[in-house]
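Beneath this line is the structure, given in structure tokens, with notes to follow.
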Amino acid sequence: MPRPVPAPGAADDDLVRAARAMGVRDERLLSAIRDTPRARFVPAAYVSAAGTDTPVPLGHGQVTTQPSLVALMIHALALNGDERVLEIGTGYGYQTALLARLAARVVSVERLPDLARRARANLAAQGVRNAEVVVGDGTLGLPDHAPYDAVVVCAAHPEVPPPLVTQLCPGGRLVQPIGPGGAEEVEVYERSERGLDRLGFVVAARFVRLYGAHGFPSEEAPLTPRGGP
């Protein structure tokens, strides 16, 4: 029989407390965390761990981002509700669901087709209608949907991929872990006439590597961006 999946409740309140402890004060974001059941965005084997502020494995050597870290990265985007957001790295769709509560539209690029399928199903089950998950090389962004008011990258590379900069609106923010993979500094930038201006340091963290044409080389064949199941 399938494992029962809890509705938002005490476990998600624990994630709200973890986000507050990390310095998140945006009540819209905290409400989104409280109202989004993380248990519905993790593999069935890890449902019991969904209410803890820890990553869980997703397969393919991937893990979910720690919820309090997700909160810090979203907080750094300073969303007000009107934005079009590009997310690089969908996973099972938890961060996508939070972004969808805080912005007008979310487009998320996931390089692994089975993760993208799972994320789409999870988002649909939660009634999320303003987010689209596309399979492709996230380092190329998604120019057909550009420009974006905000970009969040959920994997590490020493540099921001140039296509993500060109697809970001003037004045828009970009958050990315900068580093080799495994020891990063999450940074927040703003697009200006000169390119990207660094606004500051968000948090030290460990992320998987960002693979693609403007990331680390991968042994996998390049992916052509596509939507749908």
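The values are calculated or read from the model by the stated rules, or taken from the named source; none is laboratory data. Predicted, not measured: the structure shown is a model, and the values here were computed from it. Cβ placement follows ideal geometry from the backbone for every residue including glycine, while neighbour counts extend to all protein chains displayed. For accessibility, only protein heavy atoms count, side chains too; no ligands or nucleic acids. Shrake-Rupley method; radii C 1.70, N 1.55, O 1.52, S 1.80 Å.
What is the packing order of peptides 166-177, 39-50, taking the mean over residues of other C-beta atoms within 10 Å and listing the highest first? Before the final figure, lay out each step's value.
On the way: 166-177: 19.9, 39-50: 17.9.
Ranked by mean Cβ neighbours within 10 Å, highest first: 166-177, 39-50.
Taking the charge dipole of the chain about its Cα centre, with +1 at Lys and Arg Cβ atoms and -1 at Asp and Glu Cβ atoms, the residue from Pro37, Gly138, Gly91 reaching farthest to the positive side is Pro37. For the chain, the spread of Cα coordinates along the three principal axes comes to 51, 39, 33 Å, biggest extent given first. The gain in end-to-end length when the Phe201 to Arg129 segment is fully stretched comes to 22.7 nm, 0.36 nm per residue minus the alpha carbon separation.
Going by Cα centres, the stretch 22-97 and the stretch 167-188 are how many Å apart? Centre-to-centre distance over Cα atoms comes out at 17 Å. Surface composition of the chain: carbon and sulfur atoms hold 52% of the protein heavy-atom accessible area at a 1.4 Å probe. Computed from the C-beta positions of Glu159 and Met22, the FRET efficiency with R₀ = 22 Å rounds to 0.25. Take every Cα pair under 8 Å whose residues are at least 6 apart in sequence, average their separation, divide by the length of the stretch 107-229, and the relative contact order is 25 percent.
Of the residues Leu199, Leu164, Leu102, the one that moves most in a GNM of the chain with alpha-carbon contacts below 10 Å is Leu199. Along the Cα-to-Cβ line of Asp82, 7 Å from the Cα, sits a label point; which residues in the stretch 90-106 have backbone N less than 13 Å from it? Of the residues in the stretch 90-106, 104 have backbone N under 13 Å from the label point off Asp82.
Length gained on full extension, Asp14 to Glu185: 59.0 nm, using 0.36 nm per residue less the C-alpha separation.
If you place +1 on the Cβ of every Lys and Arg, -1 on the Cβ of every Asp and Glu, and leave all else neutral, what size is the dipole of the chain about its Cα centre, to the nearest 20 Debye?
On the way: 23 positive and 25 negative charges, 115 e Å.
Here the chain has a charge dipole of around 560 debye.
Taking every protein chain into account, the accessible area of the chain amounts to 45 square angstrom per residue (probe 1.4 Å).
Projected label points at Asp114 and Arg34, each 7 Å from Cα along the beta carbon direction, are separated by 3.7 nanometres. Just need the relative contact order of the chain here, percent rounded to a whole number, with Cα pairs under 8 Å and 6+ apart. Relative contact order for the chain comes out at 15 percent.
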